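One structure is given here, and the rest of the page talks about it.
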Amino acid sequence: MKAIKQVERKTMVFEYHRRQAVTRQYAPQSLIGMMLDDLKGPGHFIEVDLDDPFFRSLDVEVSLTTAFAPIGLQSVAVALDYGDARNPQKHRHADLVFDATRTAPQHWIVPIAGDYDLGYRPRIEYHFDPQSGWAAERNEIVVEPGRIEDRTLQLDPTAYIGLLQVEVRPERLDPLEVSSVTVVLAHASSTGWTTTRTFEVRPDSEPQTWRVRTEHGDQIPYTVQRTYHLTGGGTIVFEPVDATATTVAVSSPFADHLTRRVDFAIPPGRFASVILDVTYDDGSHRVARRLELDGAGLSPARVEIGVVDPTVRETTTQVTLLGTGGEIVRGAPFTGDAEFLSVAEDATISGA
C-alpha cells in the first residue's frame, strides 16, 4: 500500500436575497366561525351596542348606611362635581341633603363629556346634633375623598370617627357598706381636647351611659376615678386608671371581708334586748356596725366588715344588755382578730 495525495477543486455559487418586512392584518373570524359550526346550544357571539345609556350619562346613587338617632347624626350634605369647574359650560354640580325625613337613596345623573371622563368629585359634610347626648370636640365632619369613579356612593360617618359608649352600673354594692360612689370618666384626644363626666352610683341605681364622639377610631382609651362614700362615714378614694371597656362595673371597694360570729350564753328572756357594737379601724378606713337583738329569743349573730388593707384584721366588739326592769349592763370592749365570739350573762366577751 502507498499513500496517494488527491486534491479536489470545487466551485460554489452563493445567492443573496433581500426582503422587506410588511405589516399585515390577520382576521381570524372566518376560522372561528368554521370551528364553531358544529357547536350546539345558545349563541357564542354576543352583539354589544356601544350606544348604551351607561356610556352616555353618569348615574351616581348616593345612599346612607347608618341611622341618625343612635349616633346623634342630624343631617348629611353632599356636594357633587363633574368636569372642569373652570369651564362653566362643561361643569356639572349638585347638592344633596339627607336627614331624618330624607333617608332614601338619591340619584345624580349628568351627561358624560366628549372625553368619556367617568370620574367625579364628592364633598361630604356630616352634621351632628350638639344636644344628642354625645360629647365631641366638633359637631361637623368634612370628608373630601378626591376624584372617584364608583357610581354607588355610600355615606358612612362611622368610617371617619370613633364612638365611645360606656355603661356605668353598680355590681353587688352592699348598702350596709357603701351609700354611694362618685365615678368620674375622662377622655383626652390627641389634639388636647378633653371631656369629663361625673356619675353618682348607688347600690340600687339603674345603668347610666356616657357617650363620646372622637375624631379618630383609635382614640378610645379613657380614665376612671372612683370615690366611695361609706355608710358609716368616711370615704375611700382610688387613683384614676386607664380603661377601654364598654362597661364600668362599680363593685365593692374592699379587698377582703372580716366575719364575726357572735353566740350568746344568756338565758332567753333574761334581758329585754341586746345591743352589739363592732368597730374596725385601720388608720385610714373606719367601720362601725350596730345590731339590736330581741332578748326573748337570742340566736347567733353574724357581722361582716369590708377591709381595704387585708393585713389589718383586728376588730373591737362591745355588748350592752338592757334588762326588763330598766337595768343596763355594759361589758368591756374586746379587741382581737378572733372570728368566733361568745357573750356571757355579765356582757363579757371571749374569742376563739
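The values are calculated or read from the model by the stated rules, or taken from the named source; none is laboratory data. Quantities reported herein were computed from a predicted structural model and do not represent experimental measurements. Counting neighbours? That spans all protein chains shown, and the Cβs are built from the backbone with ideal geometry, glycine included.
Which numbered condition in (1) surrounded by fewer than 16 Cβ atoms within 10 Å (Cβ to Cβ); (2) in the same structural domain as residue 61 (by TED's automatic domain parsing) is the only one that residue 175 fails?
(2) is the only condition that residue 175 fails.
With the condition being within 24 Å of residue 79 (Cβ to Cβ), I'd like the strands (runs of 3 or more DSSP E) fully within the range 125-216 carrying at least 3 qualifying residues.
140-143, 152-155
Is it fair to say residue 135 is aliphatic (A, V, I, L, M), touching a strand residue (DSSP E or B) at 6+ places or on another chain (Cβ under 6 Å) and closer than 18 Å to residue 211 by Cβ?
Values: aliphatic (A, V, I, L, M): yes; touching a strand residue (DSSP E or B) at 6+ places or on another chain (Cβ under 6 Å): yes; closer than 18 Å to residue 211 by Cβ: yes.
Judged against the criteria, residue 135 is a match.
Could you run through the range 285-307 and say how many residues are touching a residue at least 40 places away in the same chain (Cβ under 8 Å) and surrounded by fewer than 17 Cβ atoms within 10 Å (Cβ to Cβ)?
4
Kindly indicate which of 296, 347 is modelled with pLDDT under 90 and closer than 22 Å to residue 272 by Cβ.
Testing whether each residue is modelled with pLDDT under 90 and closer than 22 Å to residue 272 by Cβ leaves just 296.
Let me spell it out: the conditions are (1) crowded, with 16+ Cβ neighbours inside 10 Å; (2) over 30 Å from residue 84 (Cα atoms); (3) in the same structural domain as residue 93 (by TED's automatic domain parsing), and residue 133 meets all of them except one. Which number is the exception?
Evaluating residue 133 over (1) crowded, with 16+ Cβ neighbours inside 10 Å; (2) over 30 Å from residue 84 (Cα atoms); (3) in the same structural domain as residue 93 (by TED's automatic domain parsing) leaves (1) as the failure.
Could you grab me the full set of residues in the range 315-338 that are touching a strand residue (DSSP E or B) at 6+ places or on another chain (Cβ under 6 Å) and not hydrophobic (A, V, I, L, M, F, W, C)?
Residues satisfying the conditions are 315, 316, 317, 318, 320, 330, 331, 333, 335, 336.
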